[in-house]
Amino acid sequence: MPDAVAMAMITDGGGLGELVDGSTLVEAIPSLDADIVAERGIEVADGDEPLWLLDPTALAPSVPDCLVGITVVSGRFEILAVEEPEVPAELALRLRDIVVEHGGDGAVQIGALVWQACADDPDLFTRPAPPLSELIAAGDLVRAGEFVGPPGFDFARSRLESRARGIAARYDLDDDRALLVAMFAQAHAQFAAVIEAERLSDDNVPVIGPDPAAVRELLGELADPEVAELLAVEVLGATREGAAALGLMAETYEPQAPRGARANLRWLRGKALERLGSVLESEAHYEEALGLDSDCRMALFDLARIASDRGNAERGLSLLRRVGAAPDDGLVTLLESFRTAERTDIGRNDRCWCGSGRKYKVCHRGREVQPLEERAAWLYQKAAAFLHDGPWRLAALELAEIRAEHWSGADALWEALNDGLVGDAILFEGGAFAEFVEQRGVLLPADELLLAQRWLLAERSLHEVESVTPGSGFTARDVRTGDRSDVRERTASRSLEVGDLVCARVVPAGETTQVFGGFEPVALHQRDALIALLDADPEPKEVVAFLSARFAPPTLQNTSGDALVFCETTFAVGDPSALIAHLDATYGTGEDSDEGLRWHEFVVTQGMERVAATFTLDGAELLVDTNSERRHEQVLATLTSSVPELRMLDDSRRSAADMIAALDDAPDAAPAAAPPVPPEVAATMAQVMEQYERSWLDDSIPALGGVTPREAAADPTRRPDLIRLLDSFPDVDAGDLTRMSATRLRAALGL
């Protein structure tokens, strides 16, 4: 056999595991089963391939160190001593032909090669044969890992070209630049392997990549900003794993590179340090990159962002002007919005207003700052920039998929990625904001750093709106703690109403209280479940999933809470008389109808008797219909066990959504005028509604936390929820006895 890994695939998952003599083989992984291996006194060489541990007598007839063959007989392994097989030249050539035929100029997987060979000749590998590695070598094939290529195939070149094609497609890059980025990315992989070998103290870690001399000859190409920037994007990606190798690579190559490329290499060193969290060191490297090339575009952008973090909008805008940033660039727009206008009430040479004694032009001119309550939004945007530029993009994508699960449109996922809740959940529940404060807090103005630390203590919570001043703000009560806050919020206050429940993170902001990360409306019946979730220190995906459930289409249910599915099953009845006797005994005497003899099964929900199933017998055919699959299966199980002389003719299940879609697809028809309700029918409807309203008053209501309306009315802590629930009911006149009336319910509850 080629190796034990291939045999482990046969036994994996509880398949074959016995020898023909009935003894059991044991699979062992040296690193996981060291005690079992040690008991046998087995010395394991480097590696962690699976071992077969057999009964010591299993190979007794064999000669020590002989070659054994393994075959399967009647579902069990048979191990036999075999002679050293010769390499069949025809088989080696056949394998080579398959690679050339199916791989063309490329490589194929070894598994696919073997399967194709077996398909061509079912007798292959039924007799002892050399390992596949020897067969591949005999056919002059080139092997790399699990792939094999035709004679002379260059796996390194193939991998390079394949990666270049992917880079060109991802970044809309021309082929030449894509090939350069791919080559430098493979060189980066070499440095990563060196770091990994040092970490493991293992000199055997494979270092695969392009010829270092060839890479050195191309270092001048890193003077191209696009190549350098895309190299950073490609190797850093959405993690920190490639940062150390990028820093080592740039540090190694910079002295060897032409002068024109050194600034970008110094920037790459800074970028690696920034991803590793050393922001002050990265800032120094960006400044050094500008010293090498005053027009280094990436260094100018990153220094502008650092200036933003420091609260220096003027310097940030100056750096962005040097790089030619567009007026609608996100960072330009942000800095412009927090730029402080120069004071006109003080002359340039007058003493500064701060009392320092210095002239205004050398003290505060150009360094005026807005109040902290205004800069709070800037602080949040700094954290958002850290989030989008750091190793959080995969987490953001996962949350965006949850958020957009029930959104429609081609841009749904993109919109979710820019959704306030997604970013806020990663920042706070996901820990990104704490990391932002830890890594970049050293850049923040002192008052913003203190504010950021206070934000870390502010939890997301559920708030009830108590008063609203449209265009200004609102007052809210934290339902979990009872704390009240006067929130400054100009936009949301135009749509909020008194009594609304919203999930939000209410945070201090200077002399004000504000909300960042958006408002999520919460239905009354979700209140207790959300409180329980927030009390349990939830993960980001739990928060996003709960608050995004409101986008899911409504689920139609019957009165028992089952999904509404219209189920019909038709049976041929062998003995109608016996069936009638059974149904009469079980459900009462059947009633005559236009369709045949009919019986009903009833259940009581919310204090009222309701039809659970209908049985209609027309001659020798029985139709059973229900409105949920659970009920239907229960009814059929009971029926068929009691009346075995039934043969199913037809069975159909149609969901409520399918029924609605069918109605939507049906041609429109002019609505028919509703016929007048006969007095006796109206009286019956009024009686039913009166009974329903009475039962509702004493029924457990999920929106009230499971208590009854009467209990909620008597409980001062629950009464506001009851009032809010009744206010949400349609406005029905108390004299309308055909529909549920909130007015009548209030009167019955003394409200």
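Bear in mind that the values in this text are calculations on the coordinates, not laboratory data. Everything numeric in this text was worked out from a predicted model, so none of it was measured. Here the Cβ positions follow ideal geometry from the backbone for every residue, glycine too, while neighbour counts run over all protein chains shown.
Summary of values
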| item | result |
| --- | --- |
| Extension gain (nm, one decimal) between Trp52 and Ser408, 0.36 nm per residue minus Cα-Cα | 122.8 nm |
| Rounded to whole Hz, the Karplus (6.51, -1.76, 1.60) HN-Hα couplings of segment 122-127, x for glycine and proline | x, 7, 4, 6, 8, 10 |
| Inter-site label distance for Val604 and Ala341 at 7 Å from Cα along Cβ, in nm | 7.5 nm |
| In Hz, Karplus ³J(HN,Hα) per residue of segment 290-303 (6.51, -1.76, 1.60; θ = phi - 60°; x = Gly, Pro) | 5, x, 7, 8, 5, 9, 4, 4, 5, 5, 4, 5, 5, 5 |
| Förster-model FRET efficiency, 60 Å R0, Ala686 and Arg240, C-beta, rounded to 0.05 | 0.30 |
| Share antiparallel - DSSP beta bridges, the chain, percent rounded to 5 | 95 percent |
| Order of Ile42, Ile723 - criterion: other Cβ atoms within 10 Å of each residue's Cβ, fewest first | Ile42, Ile723 |
| In nm, spacing of pseudo-spin labels at Asp389 and Ser577 (7 Å Cα→C-beta vector) | 9.1 nm |
| Segment 510-517 - phi-based ³J(HN,Hα) in whole Hz, Karplus 6.51/-1.76/1.60, Gly and Pro as x | x, 8, 10, 10, 9, 10, 10, x |
| Potential lengthening between Ser294 and Ala747 on full extension [0.36 nm per residue; Cα-Cα distance subtracted] | 155.2 nm |
| Computed lengthening from Ala197 to Thr555, 0.36 nm per intervening residue step minus Cα-Cα distance | 123.3 nm |
| Efficiency of FRET between Ile70 and Asp140 - r from beta-carbon atoms, R0 35 angstrom, step 0.05 | 0.80 |
| Nearest-0.05 FRET efficiency for Glu466 and Ser655, computed from C-beta distance (R0 51 Å) | 0.75 |
| Relative contact order (percent, whole number), segment 78-197, Cα cutoff 8 Å, 6+ residue spacing | 24 percent |
| Answer label for Rg and Dmax of the Cα atoms in Å (calculated), chosen among (1) 37.7, 112; (2) 28.1, 99; (3) 27.4, 88 | (1) |
| Label-point separation, Arg454 to Glu511 (7 Å along Cα→Cβ), nm | 1.3 nm |
| Fewest-first sequence of Arg527, Arg710, Arg358 by Cβ atoms within 10 Å of each Cβ | Arg358, Arg710, Arg527 |
| Relative contact order for the chain, counting Cα pairs under 8 Å that sit 6 or more residues apart, in percent | 5 percent |
